[in-house]
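Notes for the one structure printed next.
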Amino acid sequence: MALRCKAPVIATDSVHTVLADFTDTDLRSADLTDIDLSGVRWSRRTQWPPAMDIDDLRARSDETPPGSGTWIVRSGTATIRDHVTFLR
C-alpha cells in the first residue's frame, strides 16, 4: 500500500524455493543440530559449520541437474559430527 501498487502474487512453491535456497550462503556460525534439512538447496559454494558431515549430506542429496554442483537434500537431517559416548 505504501508504494500505491498491488503486491505481486507469488506462488507458494516459489516462496518455499527461495526460503530453502542456501547455494551461496555462509552457515559456518549456524547451529544446525536437530534441524531437518529436507528440501534445502545447497552448492559447492555453501559454507557449512565445521561439524557438518558434507559427505553424508551429499549422499542424501540429489544433484539437480546432474553435474551442476547444486544439490537438494532428499529427507531427514544431515549428520552433525558430535562426541559420542559408548556405554560398555
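Where a number appears in this text, it was derived from the coordinates with a stated rule and is not lab data. Model, not experiment: these values are computed from the prediction.
Brief remarks on what is shown
- Close amide H pairs (under 5 Å, H built 1.01 Å from N) link Ser43 with Trp71, residues at least 5 positions away or on another chain.
- In this structure, the amide hydrogen of Ser61, modeled 1.01 Å from its nitrogen in the peptide plane, lies closer than 5 angstrom to those of Arg74, counting only residues at least 5 positions away or on a different chain.
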